[in-house]
Structures are given as structure tokens and as C-alpha cells.
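Right, one structure below, let's go through it.
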Amino acid sequence: MLTIAVVFFVSALLYWIYSFESKRRKLPPGPVPLPLLGNSLSLIRAENGVDKLLEWGKTYGPVYTIWLGTMPAVFVVDYDIMQETFVKNADAYTGRLKNYAIEKLRGGNKGILLSDGNLWKEQRRFSLHVLRDFGVGRNIMEENILIEANAMIDGITAQLTSSKGAAINLRPFLDVCIGSIINALLFGYRFDEEKLEEFKYLKEQMDDLMGSSSQTVMFLIGPVTAHIPVFRQAWQKVLHIQEEIFGCLMKKIKEHRSTFDPTAEPTDFAYAYLKQFHNLQQRGESTENYSDLQFMNVALDLWLAGMETTVTTLKWAFLYLLHHPEVQNRIHKELDEVIGEDREITMADKPNLPYTTATISEIQRCANILPINLPHRTTQRVTVGGYDIAEGIVIVPQISAVHMDEKHFPQSKTFDPSRFLEADGRTVKKVDQLMPFSLGKRQCMGESLARMELFLVFVNLVRKFKLNVPEGQPMPSLKGKFGTTSSPEDYVCWVSQRTVNA
Ligand code: HEM
């Protein structure tokens with residue numbers, strides 16, 4: 001009996017190794033994966049995940065395969081190959097991966113971030129259209145962002161007064177500022193004092209959802225984890241958080257539905273969604289893409305994609321200023337010379353502030369907030385860097401590797417805003433290899449909103465305050481936590497109000 005069991009086990013193992021190896025042979029080369037975990041541990045354990053990706057690029061070439069758990073993913077780390085593929089043959093790379101965790105948590109590949117095919121095309125077009133109608137990329141949005149930036153500055157000033165100059169953690173201020181901008185777009189109201197508790201609750205749930213490390217394991221290893229006791233508990237926790245978030249979003253939809261007037265112009269994204277549903281129904285067309293589940297997924301995507309990324313970039317921004325007081329001084333000098341008087345800075349000032357603009361580019365490059373870009377999936381057979389890749393394979397344009405590529409950014413680890421200035425020191429240099437919003441047809445949908453937020457919030461806060469860490473106090477670390485986004489640990493800094501030296 002024992003012999004039969006051993007023979008069975010060995011045969012099953014040999015078969016598994018054989019089929020695994022034949023799968024590997026059909027893909028570009030790459031580091032040898034561990035069973036179930038793939039190469040994920042090497043990435044998680046690396047001192048710097050992006051360095052590891054670059055190191056593999058040197059060993060295996062600019063197109064290689066790594067295994068994220070049991071899933072192979074082709075990584076492209078070379079800028080020119082990305083242009084040849086994700087841009088020139090863009091449609092072929094617009095798929096998204098499908099897996100058990102997405103099915104369980106989101107009810108399938110819904111929303112925008114995770115959907116593909118016709119649903120994605122239609123929802124992305126509709127959402128961009130609505131964002132434009134609400135002024136994204138135009139003056140109306142600028143006004144809204146400035147309202148939030150000013151409210152944040154008032155909040156910091158009040159805390160400075162009440163705490164008599166004690167150290168401040170800027171993150172909660174940034175959270176409310178950026179959260180209010182996105183919530184006003186989605187549901188028509190900002191998080192003022194009355195709504196602050198609601199914001200904190202929603203934010204906590206979203207942080208728990210994104211921060212759950214066991215979720216990463218569940219996501220990578222898939223359905224097997226649902227049967228392992230320790231992960232079963234983690235699954236229950238994550239599913240509970242997801243239910244809570246969808247519950248909050250559903251409540252907002254119901255509130256909107258109860259006040260919806262089909263003859264009125266929509267004033268936020270939720271009303272625009274309801275109106276589209278209504279119009280389709282009136283014309284007798286399918287409303288399938290406008291279900292409540294789809295709307296909850298879209299709203300969650302805009303919340304997560306629009307909030308976490310922008311706040312994380314701003315957290316890095318002020319951290320870099322603490323580490324580089326010479327950069328902060330030069331920005332202050334530029335603001336004093338160009339703006340002079342004590343007034344709000346708007347987008348119209350941007351062309352006159354080249355050093356500040358170059359600094360924001362360098363912050364985005366060094367912060368490199370997406371250590372692993374969102375995975376795409378091939379929708380047809382393609383050739384990438386000389387390798388034949390079948391339809392349905394997960395493929396990643398690894399923008400973080402390009403940002404640290406010495407070929408494009410010499411001394412890439414050095415924080416140096418002047419790399420984004422022409423030799424005259426007064427003209428901003430356009431550097432195509434800086435692409436924090438990715439490239440191709442799945443490029444970030446909120447890019448113009450994010451660019452406006454980054455500029456207006458950063459520059460208006462720096463205009464008003466000087467940030468520093470006094471001698472003798474520990475300088476917060478520049479080491480990022482390698483996760484869905486790479487974020488610095490929370491830190492405090494000393495903030496003082498400044499007067500304009502025109
Ligand atoms: C600094 C801020 C931001 C950065 C660095 C950023 C970066 C990115 C990146 C790298 C992607 C993935 C592209 C790919 O799949 O190749 C993405 C996707 C996306 N972003 Fe952003 N993003 C930012 C802010 C925003 C904001 C403010 C919004 C919305 C209001 C937003 C909405 C989205 C959406 C909906 C997608 C999915 C697009 C699709 O799959 O078609 N992002 N973003």
C-alpha cells in the first residue's frame with residue numbers, strides 16, 4: 001500500500017514538474033521560481049524591489065518572466081521595447097488578469113481598473129467624459145482643488161497655533177484634502193468637520209483592504225488559500241472589509257437615487273451614472289454596464305486609484321524637501337521672485353516656475369510609487385523584444401525600472417531636480433522616460449486631475465510654510481515600504497510660517 005502511495009506521489013510530482021517546465025519553455029527566460037510562491041519572496045525580501053527587477057533585467061535581458069505565486073508574468077523593463085509594444089500595438093496589451101481573488105472580492109472583473117474588453121472601453125470612455133464635464137483639466141477643477149488646499153493650510157496653521165510649534169504629521173491633512181477632492185467629484189460633498197468621522201471610517205477600511213499582507217498571498221496563490229485554516233480567517237476578514245466598503249457605497253447610491261431628477265443636469269458622478277442608466281432604459285437599450293455592482297466597483301477604483309497614489313506622492317514630496325533643504329530654499333527663492341506678493345498660486349503660474357516644476361518631476365521619478373505596475377494581459381499573440389508571447393499572458397510595462405535606468409537617468413539614485421531643466425536652468429526639459437502614469441491605452445485615467453492636484457497642493461503649501469527637522473532630531477527614513485504602492489513610513493516635521501521676501 002505504502003509503495004503504491006509513494007509511486008503515485010512521485011509520478012504526480014514528476015508530471016507537475018514536466019508540465020511546469022513545458023509552460024516555462026514557452027515564456028521568456030527568468031529566475032527559477034519556487035513551488036506556489038514563484039519569485040514573490042525574492043521581491044518581497046529584496047532590500048529594494050526595483051533594484052531586484054533591474055538586476056534580473058541585466059541577467060535575463062529586458063524582457064523576462066517572473067512568477068507571482070503560481071502566475072507567470074512577462075516583465076518589460078526597457079523603454080524602447082515598451083514604446084514598440086504597449087504604445088504602437090496598444091490594443092494587444094489592454095487585457096487585465098483574471099483570478100479567484102478578483103472574482104471573490106469584486107464580484108468579477110468589474111469597474112475600470114480591473115475590467116477589460118467592451119465593458120472597460122465603454123466605462124473608461126463614459127467616466128472620462130463625466131470627469132471632463134465636471135471640469136477635470138479645466139478651471140472648475142482648479143477652483144475645487146484650491147478650496148481644499150486652502151482649507152488644509154488653514155488646518156495646519158490652526159494646529160501650529162494650538163500646539164505652539166510642535167512637530168506635525170502632514171499625512172492626515174493630505175488625506176482629507178485629496179479625499180475631499182475625489183469625494184466631491186463622486187458624491188458631491190467634501191469632508192468638512194461634520195463629515196470627518198465618515199471619512200475616517202471609509203479611509204480606515206480602504207487602508208485595511210490595501211494593507212492586508214495576507215491578501216497579497218491569497219491573491220498570488222489563489223483558491224488553495226481558501227482551504228488553509230490561517231488564510232481562511234484572513235479571507236473572512238478581507239471579505240468583511242470589502243462588504244463594509246460596498247455597504248457604504250451602496251448607501252450613497254441609495255441616497256442619490258432617492259433625490260434623482262432625470263430632467264436635471266447631474267452635479268456629481270453618481271447622478272451622472274443614474275442619468276445614463278435612465279437614458280439607456282428610456283431608449284430600450286441594455287443597462288447591463290450600469291448595474292449597482294458595476295457602479296460600486298467604479299467608485300471604489302476612483303477612490304483607491306485617485307487617493308492613495310496622490311497622497312503617497314505628496315508624502316514623498318515633503319520628505320524629499322526635508323532631506324534636501326537646498327532644494328526647498330531654491331523653490332522659496334523662485335516663488336518669492338516670480339510670485340512676489342502673498343497670494344494663492346494657480347496653474348497659470350506653472351510655466352513661470354520651472355525649478356518647482358522640475359522638482360515635482362524629480363519627486364515622481366524618485367518616489368516611484370508603483371514598484372510593480374498594474375499587470376496587463378495580452379489580447380492576441382504578440383512579439384515582445386524578439387519573444388513570441390501567446391494570447392492571455394500577463395505582461396507588465398515596468399515603469400519603475402525605467403525611472404531608475406542609468407541609461408536615461410545617470411546617477412539615478414541621486415535626487416536632482418536639475419535633470420529636468422535645460423542647460424539654461426530656466427526651461428523645463430521634457431523627458432519621455434518619466435512616465436509615472438504609465439503608457440498605452442491603459443495609461444492612468446486621472447492623470448490630468450493628479451497633475452493639477454500635485455502642483456497646486458505642493459506649491460501652495462510650500463509657499464506658506466518652511467519644513468524642517470531640527471538638529472538633534474532623527475531625520476525620517478527615505479526607505480519605502482514595498483507594497484501595492486511604495487510609501488514612506490509616517491513621519492513628523494517641524495513647520496514654520498514664512499513671510500514672502502519679494
Ligand atoms: C500621482 C497620482 C497618480 C499616479 C502616479 C497614477 C498612476 C497610475 C498608473 C501607473 C496606472 C496603471 C496604468 C497601467 O495599467 O499601465 C493608473 C491607472 C489608473 N488610474 Fe491613476 N495615478 C494617479 C492618480 C489617479 C487619479 C487622481 C485618478 C482618478 C481620479 C486615477 C485613476 C486611475 C484609473 C481609473 C486607472 C485605471 C485605468 C485603466 O485601467 O484603464 N489615478 N494610474
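Here is the list for the range 129-199: chymotrypsin sites (Phe, Trp or Tyr not before Pro) lying in DSSP coil, each with at most 15 other C-beta atoms within 10 angstrom of its C-beta, are 189. For the range 277-342, the list of trypsin sites (Lys or Arg not before Pro) that fall in a loop by DSSP and count at most 12 other C-beta atoms within 10 angstrom reads 283. Once you list every other residue whose beta carbon is under 15 Å from the beta carbon of residue 386, what net charge do they have if Lys and Arg are +1 and Asp and Glu are -1? Around residue 386, the charge tally is -2.
Computed over all pairs of different Cα atoms, the Kirkwood value for the hydrodynamic radius of the range 141-207 is 12.6 Å.
Residue 448 exposes around 60 Å² of accessible area when a 1.4 Å probe is run over every protein chain in place. Compared with the direct C-alpha span, the chain from residue 498 to residue 381 gains 36.3 nm at full extension, assuming 0.36 nm per residue.
In terms of packing, defined here as the mean over residues of other Cβ atoms within 10 angstrom, the peptides 155-162, 351-358 line up highest first as 351-358, 155-162.
Between the Cα long axis of helix 269-282 and the first principal axis of the chain there is an angle of about 60°, rounded to the nearest 10. The amide H of residue 68, built 1.01 Å from its N in the peptide plane, has 39, 73 as neighbours under 5 Å, considering only residues 5 or more places off or on other chains. Per-residue 3J(HN,Hα) values for the range 145-157, derived from phi via the Karplus relation 6.51 cos²θ - 1.76 cosθ + 1.60 with θ = phi - 60°, read 5, 5, 4, 5, 5, 5, 4, 5, 4, 4, x, 5, 4 Hz in sequence order (x marks Gly and Pro). Taking a straight line from the alpha carbon of residue 26, these aspartates and glutamates sit under 14 Å away, with near neighbours fewer than eight places off in the same chain left out: 388, 391.
Scanning residues 5 or more positions from residue 429 or on other chains, those with amide H under 5 Å from its amide H are 421, 422, with H placed 1.01 Å from N in the peptide plane. Of the solvent-accessible surface of the chain, computed with a 1.4 Å probe and all protein chains present, 55% belongs to carbon and sulfur.
For residue 96, the residues whose modelled amide H falls within less than 5 Å of its own, excluding neighbours fewer than 5 places apart on the same chain, are 377. Simple rule: put +1 on each Lys or Arg Cβ and -1 on each Asp or Glu Cβ in the range 436-498, find the dipole, and look at 482, 444, 469; the Cα lying farthest toward the positive end is 444. Each residue was assigned an accessible area with a 1.4 Å probe, and for residue 391 the value is about 120 Å². Ranking 317, 420, 235 by how far each Cα lies toward the positive end of the dipole of the chain (charges on Cβ) leaves 235 at the top. Dipole magnitude for the range 346-433: computed about the Cα centre from +1 point charges on Lys and Arg Cβ and -1 point charges on Asp and Glu Cβ, it is near 80 debye. Only Lys, Arg, Asp and Glu carry charge here, each on its Cβ (+1 for the first two, -1 for the last two); on that basis the range 255-328 has a dipole of about 40 debye about its Cα centre.
With respect to the cross-link table entries 164/429; 52/350; 195/481; 254/479; 58/481; 88/479, which display a Cα-Cα separation exceeding 32 Å? The answer is 164/429; 52/350; 254/479; 88/479. Counting only alpha carbon atoms, the long axis of helix 196-211 and the longest principal axis of the chain meet at about 40°.
Summed over all non-identical Cα pairs, the Kirkwood treatment of the range 1-138 gives a radius of 18.6 Å. Phi angles of the range 310-327 translate, via the Karplus equation with coefficients 6.51, -1.76, 1.60 and θ = phi - 60°, into HN-Hα couplings of 6, 5, 4, 4, 5, 4, 4, 4, 6, 5, 5, 5, 5, 6, 10, x, 5, 6 Hz per residue; Gly and Pro are given as x.
Across the chain, counting alpha-carbon atoms alone, Rg and Dmax equal 24.2, 90 Å. The slack in the chain from residue 443 to residue 263, taken as 0.36 nm per residue of separation less the alpha-carbon distance, amounts to 61.4 nm. Between residue 51 and residue 207, the simple label model (points 7 Å from Cα in the Cβ direction) yields a spacing of 2.9 nm. In straight-distance terms, cross-link reach from residue 104 covers every one of the aspartates and glutamates whose alpha-carbon lies under 12 Å from its own, apart from those fewer than eight places away in the same chain; here that gives 243. Under a model in which nothing but the beta-carbon of Lys, Arg (+1) and Asp, Glu (-1) is charged, the chain shows a dipole of about 1280 debye around its Cα centre. Distance between the C-alpha centres of the range 127-201 and the range 299-343: 15 Å, rounded to the whole angstrom.
Taken along the Cα-to-beta-carbon direction at a fixed 7 Å, the label points for residue 5 and residue 336 span 8.1 nm. A P(r) calculated from all alpha carbon pairs of the range 367-464, with 5 Å bins opening at zero, reads 2, 10, 14, 19, 20, 15, 8, 6, 3, 2, 0 percent. Annotation note: trypsin sites (Lys or Arg not before Pro) in the range 52-115 located in DSSP loop regions with a Cβ neighbour count of at most 13 within 10 Å are 88. Rounded to the nearest 10 degrees, the inclination of helix 49-60 to the longest alpha-carbon principal axis of the chain is 50 degrees. The distance linking the range 238-284 with the range 446-462 is 28 Å (Cα centroid to Cα centroid, whole angstrom).
Here the gap between residue 478 and residue 121, fully extended at 0.36 nm per residue and compared with their Cα-Cα distance, gives a gain of 124.7 nm. Of the Cα atoms belonging to the range 430-502, the radius of gyration and Dmax stand at 16.7, 49 Å.
With both residues required to sit in the chain, DSSP beta bridges show an antiparallel share near 85%.
The values are calculated or read from the model by the stated rules, or taken from the named source; none is laboratory data. The shown structure was predicted, so the numbers you read here are calculated from the model rather than taken from an experiment. Cβ: placed from backbone, ideal geometry, glycine included. Neighbour counts: every protein chain shown. In case anyone asks, the SASA skips ligands and DNA or RNA and just uses the protein heavy atoms, side chains included. Shrake-Rupley method; radii C 1.70, N 1.55, O 1.52, S 1.80 Å.
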